[in-house]
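Take a look at the structure set out below.
The values are calculated or read from the model by the stated rules, or taken from the named source; none is laboratory data. On a predicted model such as this, the values are computed, not experimentally measured, just so you know. Cβ: placed from backbone, ideal geometry, glycine included. Neighbour counts: every protein chain shown.
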Amino acid sequence: MDDTQRANRLCLAQLVARQLPGGGWPFSFRAAQSSVETTALTLLALPSTFIRERERAIRFLLQIQNPNGNWPSFAGDDKRGSGYTGLVLYALNRSRVEGKPAKRAVDWLLHSRGRESHWLWKWKFRTSDRHVRFDPDKFGWPWMPETASWVVPTAYSLLALRHASGSSQQDLLSFRIRRGVEMLYDRICPGGGWNAGNGFVYGSALSAYPDATAVALLALWGEPPNGLITASLDWLERRAETCLAPWSLAWAILALHGFKRPTQTWINLLSTVVEPAAIEDCATLAMVSLALRCASGRNVFGANS
Amino acid sequence: MKADPGTFLAGPFGLAAGAATTVRLDKPSSRSIGRQPRSRVAILHAESYSQNLEQVLRSGLDLFRLDVRAKTVLLKPNLVDYAPGNHINTHPLLVSAAVECFRRLGASTVLVGEGPGNQRDTELVLCESGMADHLRQQKVRFVDLNRDELVERPLLANYTGMKSLWLPRAILASDVVVSMPKVKTHHWSGVTLSMKNLFGVVPGAKYGWPKNILHWKGIERSILDLCATVPVHFVIADAIVAMEGNGPLNGKPRPLNRIVLADDPVAADATCARLMGLDPERVTHIRAGARFLGNLSTVLIDQVAEPVQSPEHPFELVPEFACLRASPMSESSL
């Protein structure tokens, strides 16, 4: 067993030990409140041999789905829904969970949109509010209802909708995917890559973040190759060289691997810098596990997943 | 989807910089919040970020006779992002000095907590800003407020129309919350000081990155609701090297060589504004906060260390906020 496999095994052991009685995972191992994002990422990370843990996680996610099809942010949250809905749907889809819950989630995603897409806000952004450079015609998904579109929830939603099957609203599905892709291109940072979603504010270019860049790239996988994607991959490669934080480095590995860029150096780095037992954040632990699995060619967000 | 006229002025991306001067917050709608009759502020001289900050800070804290014995103290620095050369964050050496001082004062536990507004990878910001090294050396627990366990709390003011907010358990469970802002201008709220610093306690895991709901509800309104609901017991503001111009991320460093301590966030922010050459009466959330949260007027603030001296050249601001500059000899600026 090599260092990478050993590190991944330790990550998985930690994740199994930290599963809450209800079937979910918290962000911090100190907490007892299940986080939807952490649970979805962990479900993606656990190999199919972890049958019991995966079943409990799926049951938890299905139990807390809101009646209108979306998912809350955490167990006990209100019913308004969250930007993690796309990620949960994607995780369930990869786990072959289909049927009504998935259909309801797809329907909700098709009708959820950033508030800037409303005609009144579009008018305002075109006429008076022009300090953030963006095109309100190009909208995606918000973190929570009645707010604007941002990069991560849009990327999560695109990942889910690209894998959604059997929707009765194919035209709307295609339209939302197209708009979401356009929104990501519109919000790109001037030097390549993405941050939360503001590339240029008050006359200043803002810098990109590794995790947001990676998830946006993964959501754009399958789009025709273009200069924006290349510039963002180049930026991510450069950024990975100085990034020692496991969450960001893991996301970077997954994106670079998905686009067939070399990743072995970063995988080796990740497997040496992380001490799974010392990682308090379970979502980070799940991401590290997902990234380490790229060493064996498996990328849960990539074409070869 | 309906557009809410109440939020229309404020702007969803925290845009509408003019909101600070156009939004009227005439009616304090808070309840059950008492303003202390007088406030104490200490302006301390600190030439640079050096190891003797602890000594400077300790001498300042002695002026307040704080009783934190056997209490849990949570330090809330302003930790936003990292860009080499930009003075964006509260300096790690000041946070480190505060940790040591509160331990010496007898606190049972000292925590550091923050929830960055844009950057989801808090650990990346901690590492690159140098904060992680200090926390490790001092064996201080850091709480990522974006990802802490959450508890729903009714808001104790009603400026935003939101009835409640989910807040991190670590903040609610602490006996003493110390706001440790970096003194900066802000292109959407004029200034970001100890009151605006509370945006960092709003959890990203629930409200997203950025915490966009606060922008849609109005930045000033959100600051007031937050300050009414999350008590700030003490302020240590980093004005050793402040930021002017296009803050909070892309402004220019502006040395003030000061640390501001206060037992009242409104008094702290009013004093910091004066040190920046701004009129706190013209900063919407400080003026509104002075109606029910704390004291703005110099008459009600005891300066227990150095006197307030406005700079010869006021801080640069984005054009929409140029109106915040104090007029010569205006009562509220001095």
- Of the listed residues (A:ARG30, A:ARG56, A:ARG52, A:ARG6), the one being of a type in the set (Lys, Arg) and within 14 Å of chain B (Cβ to nearest Cβ) is A:ARG30
- Query: Residues of the stretch B:300-320 being in contact with a Ser or Thr (Cβ under 8 Å, 6 or more places away or on another chain) and at pLDDT below 95, which ones?
  - Reply: B:SER310, B:VAL318, B:GLU320
- Task: Among the candidates A:VAL16, A:VAL36, single out the residue that is touching a residue at least 12 places away in the same chain (Cβ under 8 Å) and within 13 Å of chain B (Cβ to nearest Cβ).
- Result: A:VAL36
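Table: residues versus (1) at negative phi; (2) part of a helix (DSSP H, G or I); (3) under 21 Å from the mean Cα position of the chain (by Cα); (4) touching a residue at least 60 places away in the same chain (Cβ under 8 Å).
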position	(1), (2), (3), (4)
A:ALA216	yes, yes, yes, yes
A:GLU223	yes, no, yes, no
A:ASP234	yes, yes, yes, no
A:ARG239	yes, yes, yes, no
A:LEU244	yes, no, yes, no
A:ALA250	yes, yes, yes, no
A:ILE253	yes, yes, yes, no
- Give the stretch B:134-158 a look and list any residue that's within 12 Å of chain A (Cβ to nearest Cβ) and in contact with a helix residue (DSSP H, G or I) (Cβ under 9 Å, 6 or more places away or on another chain), or say none. B:ARG141, B:PHE142, B:VAL143, B:ASP144, B:LEU145, B:ASN146, B:ARG147, B:ASP148, B:GLU149, B:LEU150, B:VAL151
- Message: Checking the structure you have, find out if any residue of the stretch B:122-133 is crowded, with 20+ Cβ neighbours inside 10 Å and away from chain A (no Cβ under 14 Å).
- Response: no
- Task: Kindly provide the set of residues from the stretch A:260-279 that are away from chain B (no Cβ under 13 Å) and either part of a helix (DSSP H, G or I) or crowded, with 22+ Cβ neighbours inside 10 Å (or both), ordered by number.
- Result: A:THR263, A:GLN264, A:THR265, A:TRP266, A:ILE267, A:ASN268, A:LEU269, A:LEU270, A:SER271, A:THR272, A:PRO276, A:ALA277
- If we keep only residues of the stretch B:159-183 that are over 18 Å from the mean Cα position of the chain (by Cα) and of a type in the set (Lys, Arg), then the residue farthest from the other protein chains (Cβ to nearest Cβ) is B:LYS163
- Message: Being away from every other protein chain (no Cβ under 14 Å), in a loop (DSSP other than H, G, I, E, B) and crowded, with 19+ Cβ neighbours inside 10 Å is the filter here; which residues of the stretch A:97-156 pass it?
- Response: A:LYS138
- Message: Exactly one of these conditions fails for A:VAL88: (1) part of a loop (DSSP other than H, G, I, E, B); (2) buried (at least 24 other Cβ atoms within 10 Å of the Cβ). Give me its number.
- Response: (1)
- Of all helices (runs of 4 or more DSSP H) completely enclosed by the stretch B:185-298, which ones contain at least 2 residues that are within 14 Å of another protein chain (Cβ to nearest Cβ), crowded, with 24+ Cβ neighbours inside 10 Å and in contact (Cβ under 8 Å) with a residue 12 or more places away in the chain? B:204-207, B:212-216, B:219-229
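Residues checked against (1) in contact with a helix residue (DSSP H, G or I) (Cβ under 7 Å, 6 or more places away or on another chain); (2) away from chain A (no Cβ under 14 Å); (3) among the hydroxyl-bearing types (Ser, Thr, Tyr); (4) buried (at least 22 other Cβ atoms within 10 Å of the Cβ):
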| site | (1), (2), (3), (4) |
| --- | --- |
| B:LEU75 | yes, yes, no, yes |
| B:ASN78 | yes, yes, no, yes |
| B:ALA83 | no, no, no, no |
| B:PRO92 | yes, yes, no, no |
| B:ALA97 | yes, yes, no, yes |
| B:PHE102 | no, yes, no, yes |
| B:PRO116 | yes, no, no, yes |
| B:GLN119 | yes, no, no, yes |
- Task: Check A:ALA231, A:ALA208, A:ALA196 and return the single one that is farther than 29 Å from A:GLU98 by Cβ, in contact with a Pro (Cβ under 6 Å, 6 or more places away or on another chain) and either surrounded by fewer than 21 Cβ atoms within 10 Å (Cβ to Cβ) or within 14 Å of another protein chain (Cβ to nearest Cβ) (or both).
- Result: A:ALA196
- Message: Which pairs turn up if I take residues in the stretch A:95-123 that are in contact (Cβ under 8 Å) with a residue 12 or more places away in the chain and look for partners that are part of a loop (DSSP other than H, G, I, E, B) and among the charged types (D, E, K, R) with beta carbon separation below 8 Å, at least 6 apart in sequence or on another chain?
- Response: A:ARG115/A:GLU146; A:SER117/A:ASP137; A:LYS122/A:ASP137
